[in-house]
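Written out below as structure tokens is the structure these notes cover.
Only the coordinates and a few stated rules stand behind these numbers; no lab work does. These numbers were taken from a predicted model, which means no experiment stands behind them. Virtual Cβ from ideal backbone geometry, glycine too; neighbours counted across all protein chains shown.
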Amino acid sequence: MGCITPDEGYFRRRSCLGNMTVSGCRDMGVLNWRCSFQGVIPLRCVLIITTALFLTLFPASPRAQDLPLARQYFSVAPTILASATQVPADPVSGASGSVLVVFRHGAAGRVIDAEAAGGSREMQQSALTSIRQWHFEPIFFNGVPAQIVSAAIFVFTNGVVTVHPSPTMSAKQLSPRLGFPCPNALVHHDVAAAKMCKQQLHDVKESSASTDFERLTAHDEYGLALLDAHRLKPALAEFSEAISLAVQVLKPSDPELAYIYLHQAAAEIQSGDPAASEQDRVRAKTSLDAVVENSVGTAQTYYQHLEQQFALPGSPASTSP
């Protein structure tokens with residue numbers, strides 16, 4: 001498929017869905033402590049009973065690197081455009097020339113981000129309006145649906161608009177602001193992840209060309225790095241920023257929205273706020289339900305399994321005895 005793969009390890013571990021656990025902390029050994037007593041319950045037994053009750057009612061949050069995070073691949077292969085259900089661009093009167101559109105389609109196949117360069121403003125608007133209505137078949141890598149960053153050239157000639165594959169472009173050209181260091185550090189559990197993701201967020205915020213999707217991604221990934229470093233309060237602040245942008249950019253049927261709610265829910269449960277965590281888990285379930293409803297085949301099965309993996313409210317895993 002011609003993907004640009006500067007770090008194969010990054011792509012293999014961009015999302016850690018394969019080893020997710022939602023109840024691992026129940027095996028810490030705390031319940032094996034002996035609590036023999038006569039008449040008065042020792043304090044340590046009260047603590048053990050309380051801990052056991054909490055872990056039963058509110059399953060332990062997964063580690064940051066175990067939470068779902070969309071894989072990201074870069075490719076300008078012609079097969080990418082060929083796989084899309086395309087909506088033609090409207091001609092622009094008197095226009096002649098070309099527009100380069102760099103776009104990202106989400107894990108569910110909807111175009112969730114796009115930028116245009118070249119041509120007139122009217123030509124750019126026509127190309128962007130067109131490509132934002134395209135839909136792609138979900139692409140799986142190692143069993144996990146992926147975001148694809150690609151490009152297309154819209155050529156305007158004599159009232160006719162044609163679409164062509166882009167010439168070869170590097171990952172840096174396709175995505176100059178969302179780079180590899182931050183997500184790579186996240187999936188490798190690197191102690192420098194917070195520093196790298198903070199720098200990525202700074203770069204995205206400083207650039208006037210950054211899109212809302214890039215901003216929400218930078219906030220979310222920095223939040224994951226902070227969560228992994230057990231810096232819960234600033235992590236929650238980053239997830240809140242990400243969600244405020246996500247609800248404007250993403251639809252409920254975009255799994256990326258559910259992922260951010262799961263990230264915030266994990267930080268909330270670790271912060272001792274199970275009520276808020278449960279609300280976000282319900283929001284994640286609502287989003288994933290919409291994803292499942294709009295998916296078929298392998299994709300539908302994958303997202304149903306994801307609901308069960310995290311024991312979301314109303315999923316088979318959460319209602320079983």
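At-a-glance table
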quantity	calculated
Hydrodynamic radius of the range 90-143 per Kirkwood, over alpha carbon pairs, in Å	12.2 Å
Surrounding net charge for residue 268, when Lys and Arg each add one and Asp and Glu each subtract one, Cβ distance under 10 Å	-2
Separation of alpha-carbon centers, the range 285-308 and the range 88-113, rounded to whole Å	28 Å
Quotient of C-alpha Rg and 2.2 N^0.38 Å, computed over the range 90-216	1.21
Peptide ranges 301-307, 159-165 listed from the most packed, as the mean C-beta count within 10 angstrom indicates	301-307, 159-165
Amide H contacts of residue 177 (H built 1.01 Å from N, under 5 Å, at least 5 apart or other chain)	none
If the convex hull is drawn through the Cα atoms of the range 195-245, its volume per residue in Å³	56 Å³
Which of 87, 99, 187 has the fewest Cβ neighbours within 10 Å, and the rest in rising order	87, 187, 99
Computed over the range 168-321, Cα set: Rg, Dmax in Å	16.2, 54
Convex hull (Cα only) mean projected area of the range 66-158, reported in nm² to one decimal	6.2 nm²
Rg/Rg_globular for the range 165-216, with Rg_globular taken as 2.2 N^0.38 Å and Rg from C-alpha atoms	1.26
For residue 301, net neighbour charge (Lys/Arg +1, Asp/Glu -1) across residues whose Cβ lies under 14 Å away	-2
Derived scalar couplings ³J(HN,Hα) [the range 173-190; Karplus, 6.51 cos²θ - 1.76 cosθ + 1.60; whole Hz; x for Gly, Pro]	5, 6, 9, x, 10, 9, x, 8, x, 5, x, 5, 5, 4, 6, 8, 6, 6
Neighbour-count order for 268, 278, fewest beta carbons within 10 angstrom listed first	278, 268
HN-Hα J in Hz across the range 83-91 - Karplus 6.51, -1.76, 1.60, θ = phi - 60°, x for Gly and Pro	7, 8, 7, 9, 10, x, 7, 6, x
Rg and Dmax of the range 65-107, Cα atoms only, in Å	15.7, 53
Projected area, mean over directions - the range 126-193, Cα convex hull, nm²	6.7 nm²
